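Notes to accompany the following structure.
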Amino acid sequence: MTRLALLLLLSLSVFPAAAQYPVRSVTLLAGYPAGGLVDSVARQVAEGMRARFPGGLVVVNRPGAAGAVAVAEMARSQPDGYTIVLTPHSALVIAAQINNLAYKTPDDYDPFINLVAYYPLIAVRSESKYKTIRQLLADAKDHPGMIRVGSPGEGTSSHLNLEELMFHAGVKMVHVPYAGWGQSSPQLLGGHIEALVAQPGELKPMVDGRRMRALVNFTPVRHPVFPDVPTAKELGWEVSNGVWYLLMAPKGTPAPVVRHLHDAARAAIEDPKFKESMNSRGIDVDYRPGEPLRADLWREYRLHTAILQRIGLLKR
């Protein structure tokens, strides 16, 4: 008997309810407010998964602490497959290192599928005097502490890209953390901040509608959805921290339950409509299953330790 088959039998013997899963509604937690990219991806994935959940699959927003509130609630839940979370990986490799949470490392939960990946951008409102990122940074250098830049929250990948850009460019701007796009975008449009770091799926409608202007992209190379936006790397700054969205269950969730969740989510992201929706926003569908994904999270966890120490968010 193979090791996998033995584990499946043990799971069924210890958790007999797993054999009938799912028999009731499943809660999919999303760690950011309604209207943002996390919420949008969560709802599209949930819609694609619902056919395999006759009792229902409900998206519940639990914003706070850069996504960590939702992940912590999942980590404290029963490992029965009825509470899962969609989260950016920053809540796992950044927030987990700088906050005292119900989880700490990638061994404290069961990641079962990565869904998408993308890179943030810096943008200003269309009325801004800044036409390029060099103009913004030059003004920041001439007026230290006067340029305010919003982000989806302290300890997010967007925040760290901003910190890395300031470090490599030798300037200091004021980081203003918000609880996601729903808060930061009105602040930019209202002139309360000079710029923001945001996700491509959130920015694209604003750029297309000429309400905002993207100045720099943190992609390794120019993205076809934003072909006119230069990358930080091509301008001479080695800054390119990507973002992943993944689904997780509490540690110890039975293997048959995890497999059911994985298969439902994989079918959802392989739907051509989902792929088209993501690609049109500058977001790539990026499938990775459980254990390889856990190894990737550990790599990112260790890489971010050094960055967090340098910017003072993590004590040595």
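List of remarks:
- Of the residues making up the range 246-264, at least one is within 18 Å of LEU293 (Cβ to Cβ), among the acidic types (Asp, Glu) and modelled with pLDDT of 95 or more.
- Residue match in the range 276-288 (condition: under 30 Å from TYR82 (Cβ atoms), touching a strand residue (DSSP E or B) at 6+ places or on another chain (Cβ under 9 Å) and small (Gly, Ala, Ser)): no
One line per residue, one yes/no per condition, for (1) assigned to a helix (DSSP H, G or I); (2) in contact with a strand residue (DSSP E or B) (Cβ under 6 Å, 6 or more places away or on another chain); (3) surrounded by fewer than 16 Cβ atoms within 10 Å (Cβ to Cβ); (4) on the phi > 0 side of the Ramachandran plot:
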site: GLY201; (1), (2), (3), (4): yes, no, no, no
site: LYS204; (1), (2), (3), (4): yes, no, no, no
site: VAL221; (1), (2), (3), (4): no, no, yes, no
site: VAL229; (1), (2), (3), (4): no, yes, no, no
site: GLY236; (1), (2), (3), (4): no, no, yes, yes
site: HIS262; (1), (2), (3), (4): yes, yes, no, no
site: ALA268; (1), (2), (3), (4): yes, no, no, no
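Table: residues versus (1) touching a Lys or Arg at 6+ places or on another chain (Cβ under 9 Å); (2) hydrophobic (A, V, I, L, M, F, W, C); (3) surrounded by fewer than 20 Cβ atoms within 10 Å (Cβ to Cβ); (4) farther than 27 Å from LEU160 by Cβ.
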residue	(1), (2), (3), (4)
GLY252	no, no, yes, yes
PRO289	yes, no, yes, no
LEU293	no, yes, no, no
ARG299	no, no, yes, no
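- Close pairs (6 angstrom Cβ cut-off, 6 or more residues apart or separate chains): at pLDDT below 90 and open to solvent by 10 Å² or more (accessible area, probe 1.4 Å) in the range 157-186, in a helix (DSSP H, G or I) and not hydroxyl-bearing (Ser, Thr, Tyr) anywhere: TRP181/GLU202
- LEU115 meets each of the listed conditions (1) at pLDDT 95 or above; (2) in a helix (DSSP H, G or I); (3) under 18 Å from the mean Cα position of the chain (by Cα) apart from (2).
- Candidate set: the range 131-156, residues that are hydroxyl-bearing (Ser, Thr, Tyr) and buried (at least 21 other Cβ atoms within 10 Å of the Cβ); chosen: the one farthest from LEU28 (Cα to Cα): SER151
- One residue stands out among those in the range 206-219 that are in a loop (DSSP other than H, G, I, E, B) and closer than 20 Å to SER277 by Cα: the one that is modelled with the lowest pLDDT, which is THR219.
The values are calculated or read from the model by the stated rules, or taken from the named source; none is laboratory data. Please read all numbers here as calculations on a predicted model, not as lab measurements. Positions of Cβ are generated from backbone atoms using ideal geometry, with glycine treated the same way; all protein chains shown enter the neighbour counts. Ligands, DNA and RNA are stripped out before the accessible areas are found, and what is left, the full protein with its side chains, is counted by its heavy atoms. Shrake-Rupley method; radii C 1.70, N 1.55, O 1.52, S 1.80 Å.
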